[in-house]
Amino acid sequence: MRSENVIQEEKITLETDTGESVDFYVLEETRISGMNYLMVTDSGEDEDGECYILKDVSRPDESDAVYEFVENDDELEYLFKIFTELLADTDVEIQKS
């Protein structure tokens, strides 16, 4: 998935398993069946970039959110449709790659 000409307002920083910090810009968030999802991009304002869908897998007793990349193809397809609808009235253009 790719985003084009995006205006992001919220930036999050994730830490990889190796301890590296990676910044992402939140395009949209939603809650489905009790699970929180984020659509993020790796690009800054008015830049093309790659989009990713993250799932909050943290336990209720954890103070910090723990996100994983959604990798299941069926889940990704379903979530892509949901996020496409949520972003339909914005300046965000999402393309599947």
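Return the residues of region 27-57 that are under 15 Å from E85 (Cα atoms), in contact with a strand residue (DSSP E or B) (Cβ under 8 Å, 6 or more places away or on another chain) and surrounded by fewer than 13 Cβ atoms within 10 Å (Cβ to Cβ); say none if nothing qualifies.
Kept after step one, since they are under 15 Å from E85 (Cα atoms), are these residues of region 27-57: 27-32, 37-39, 53.
Then keep just the ones that are in contact with a strand residue (DSSP E or B) (Cβ under 8 Å, 6 or more places away or on another chain); that gives 27-31, 37-39, 53.
Matches in region 27-57: R31 only.
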Output the residue which, of all residues in region 65-91 that are part of a loop (DSSP other than H, G, I, E, B) and open to solvent by 90 Å² or more (accessible area, probe 1.4 Å), is nearest to D17 (Cα to Cα).
E71
All positions within region 14-26 that are part of a loop (DSSP other than H, G, I, E, B), open to solvent by less than 80 Å² (accessible area, probe 1.4 Å) and under 15 Å from F69 (Cα atoms)
T16
Looking at (1) touching a residue at least 40 places away in the same chain (Cβ under 8 Å); (2) not acidic (D, E); (3) not in a helix (DSSP H, G or I), find the lone condition where K55 falls short.
(1)
Please go through region 31-52 and pick out each residue that is out of contact with any Asp or Glu (no Cβ under 6 Å at 6 or more places or on another chain) and not in a strand (DSSP E or B).
S33, G34, S43, G44, E45, D46, E47
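The values are calculated or read from the model by the stated rules, or taken from the named source; none is laboratory data. Remember, predicted model here, so these are calculated numbers, not experimental data. Neighbour counts are summed over all protein chains in view; Cβ atoms, including those assigned to glycine, are modelled from backbone coordinates with ideal geometry. Ligands, DNA and RNA are excluded from the accessible area calculation, which covers all protein heavy atoms including side chains. Shrake-Rupley method; radii C 1.70, N 1.55, O 1.52, S 1.80 Å.
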